[in-house]
Amino acid sequence: MSRASIPIALTLLLVAATIPHTAEDFRYGEFARFGVSDAVAAGALVIVYAVQLCGVVFAWRDASVGFRLMAAGGLIWSVGAIAVHGSELVASGPYRNGLESKALIVAIIALGASVAIVSAMRARRKWSGRPLGSTAD
């Protein structure tokens, strides 16, 4: 597995984890809680998914912009999941579909942060022109 494929694989896993979670958000009216209509939420999700998938395509071609797009998408998911669902994670008692729902949120936070870090590091290396194996700063 090449170094470019690691952030791509993490991004695809992140997308896979967000799909059932966002379906739950729509089912439980999560967006209305913040005064956001389902149509606006769906539009925002389409944009975030498009950014992530464009990032994958560009990263596959080893373009720095692809890694930056994937990093941005990962950061959005991770920070958003913490901001919206952080208190629900630590609360006791039943939550949506139980452990499955909480596990999806934890996965989104962890994968999003991983994508953001790994992709940003890859973009930084590409931007600086240093070889990926180089440790010199």
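The values are calculated or read from the model by the stated rules, or taken from the named source; none is laboratory data. Just so we're clear, the structure is a prediction, and the values are computed from it rather than from any experiment. Glycine gets a Cβ as well: all are built from the backbone with ideal geometry, and neighbour counts include every protein chain shown.
General observations
- Each residue in region 54-106 was checked for being under 30 Å from Ala32 (Cβ atoms), in contact with a Ser or Thr (Cβ under 9 Å, 6 or more places away or on another chain) and charged (D, E, K, R), and 1 pass.
- For region 33-88, the set of residues classified as of a type in the set (Val, Ile, Thr) and touching a helix residue (DSSP H, G or I) at 6+ places or on another chain (Cβ under 9 Å) consists of Val36, Val48, Val51, Val56, Val57, Val65, Ile76, Val79, Ile82, Val84, listed by residue number.
- When residues of region 103-137 are limited to those that are out of contact with any helix residue (DSSP H, G or I) (no Cβ under 6 Å at 6 or more places or on another chain) and modelled with pLDDT of 80 or more, the one farthest from Val56 (Cα to Cα): Ala103
- Residue pairs meeting the criteria (Cβ under 9 Å; at least 6 apart or on separate chains; first under 15 Å from Glu30 (Cβ atoms), in region 90-104; second among the aromatic types (Phe, Trp, Tyr)): Arg96/Tyr28; Ser101/Tyr95; Lys102/Tyr95
- Candidates Ala16, Ala9, Ala41, filtered to the one that is exposed (fewer than 13 other Cβ atoms within 10 Å of the Cβ) and of a type in the set (Gly, Ala, Ser): Ala16
- Subset tally (residues that are touching a Gly at 6+ places or on another chain (Cβ under 9 Å) and surrounded by fewer than 16 Cβ atoms within 10 Å (Cβ to Cβ)) for region 54-67: 4
- Val106 vs. criteria under 12 Å from the mean Cα position of the chain (by Cα) and within 14 Å of Pro20 (Cβ to Cβ): yes
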